[in-house]
Amino acid sequence: MQRFLLSAVAIAALTLTAGAAVTAQSGDLKITWIDVEGGASTLFVSPTGESLLFDTGYPDGDRDAKRIFAAAQKAGLTKIDHVVISHWHGDHVGGLEALSKMIPIGKFYDHGDGVEPADKARHDLYVAIAGANRTILKAGDTIPLRGVQVRVLVSEGPVIANPVNGGGPNRLCAGAPLQAPAAPENIRMVALSITYNNFKYASLADSDWSREMDLACPVNKLGHVNLYTINRHGGLDNSGAPALLGAIAPQVIVLNNGPRKGLGQKVENLKIINANYTPYETHSYLRLAKLPGIEGVWQAHKSLIDPDPAHNTAPDMIANLEEGAGDAGNPLTATVTADGKFTITNTRNNFSKTYTAK
């Protein structure tokens, strides 16, 4: 009788444990694009409550670290489990020192010790902060964020060998315009793919046109993407290659731009190195808005470089309209449910729109 009772208790405990796991896995993936004024910082909270921060913005008076900390608090976090630094530029790693004093950080990930002289002090400070909790990534690695799959598309060396998310031969590569590689840090950086059930997200950070073409041609390594954070803050003079954007066919694009950084920059002086190619849209916003199948373009900021309404998305989909003292630093957020529906919300006005992953 006692043996029976113990077995019954064990079975009940296993049932409860399994039920808890199912409940956790059926939760939501949360994404917050933090306004770091055209730097880059995106916070992911998995359905199990584990967190990953991709880049930390500028160091400017701890402004960006404070905004990241506020986003973490709003998400109910008492620590950030994983921090990925895409590269050593100040608008991507600059907020880390202050942030590390505000909230505990578990593990650190980066592209390695290739560094330009101008970036060495930032690299060395990062290495000191990360200490023994540092991992140097390579293409094809995964980051263990429970409840979702985080894959490294590129980091320092060659891009990922095998396509993800249904990628394959890319017909858009024939005659596609080419550009010479950008400066080294925009070649080395970490780029991520995040998948939650049938929902697919990607961010290439500041990857340049040549890296995009490595990922897109002759084989589209990214596959189809439902939600895409456009690289280089939306300043598409040296990124946004049509062969990549057309192949991944994002449903929704988010620009983590600033009022005077990224979107709106002039793109007349494109460094095309092959003469025979089909002309394409050179204005950054219009290049995105004209993509086949695009359902929405969201901006962290209205461009004050080019405030023409035709060159910005709808005002309801812009988180910040001002700069300087009047800039509230409103984030954009996304909630992704287990069935693939994802809702983008502008925290400035609570305008939201729901999309279904296709």
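Per-structure values
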item	result
Matching residues, the stretch 1-55, being at pLDDT 95 or above, under 12 Å from the mean Cα position of the chain (by Cα) and assigned to a loop (DSSP other than H, G, I, E, B)	Ile34, Ser41, Asp55
Residue in the stretch 168-184 that is without any contact (Cβ under 8 Å) to a residue 40 or more places away in the chain, out of contact with any helix residue (DSSP H, G or I) (no Cβ under 8 Å at 6 or more places or on another chain) and of a type outside the set (A, V, I, L, M, F, W, C) present	yes
Breaking point among (1) buried (at least 23 other Cβ atoms within 10 Å of the Cβ); (2) more than 19 Å from Thr282 (Cβ to Cβ), for Gly223	(1)
Top-ranked residue in the stretch 292-305 [being within 13 Å of Pro259 (Cβ to Cβ) and in contact with a helix residue (DSSP H, G or I) (Cβ under 8 Å, 6 or more places away or on another chain); ranked as surrounded by the fewest Cβ atoms within 10 Å (Cβ to Cβ)]	Lys302
Which numbered condition Glu322 misses (of (1) out of contact with any strand residue (DSSP E or B) (no Cβ under 8 Å at 6 or more places or on another chain); (2) buried (at least 19 other Cβ atoms within 10 Å of the Cβ); (3) charged (D, E, K, R))	(2)
Odd one out for Ile85 among (1) out of contact with any Pro (no Cβ under 7 Å at 6 or more places or on another chain); (2) free of Cβ contacts under 8 Å to residues at least 60 places away in the same chain; (3) closer than 30 Å to Gly324 by Cβ	(2)
Matching residues, the stretch 267-289, being free of Cβ contacts under 8 Å to residues at least 24 places away in the same chain and more than 27 Å from the chain's Cα centre (by Cα)	Ala275, Pro279
Output for the stretch 254-284, where each listed residue is outside any loop (DSSP other than H, G, I, E, B) and surrounded by 24 or more Cβ atoms within 10 Å (Cβ to Cβ)	Val254, Leu255, Gly258, Ser284
Test result for Gly235, closer than 18 Å to His283 by Cα, touching a helix residue (DSSP H, G or I) at 6+ places or on another chain (Cβ under 6 Å) and either modelled with pLDDT of 95 or more or not hydrophobic (A, V, I, L, M, F, W, C) (or both)	no
Number of the exception - Asp339 against (1) assigned to a helix (DSSP H, G or I); (2) out of contact with any helix residue (DSSP H, G or I) (no Cβ under 9 Å at 6 or more places or on another chain)	(1)
Residue in the stretch 343-351 that is of a type in the set (Lys, Arg) and modelled with pLDDT under 95 present	no
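The values are calculated or read from the model by the stated rules, or taken from the named source; none is laboratory data. From a predicted model like this one, the values you see are computed outputs, not experimental measurements. Neighbour counts run over all protein chains shown; Cβ positions are idealised from the backbone, glycine included.
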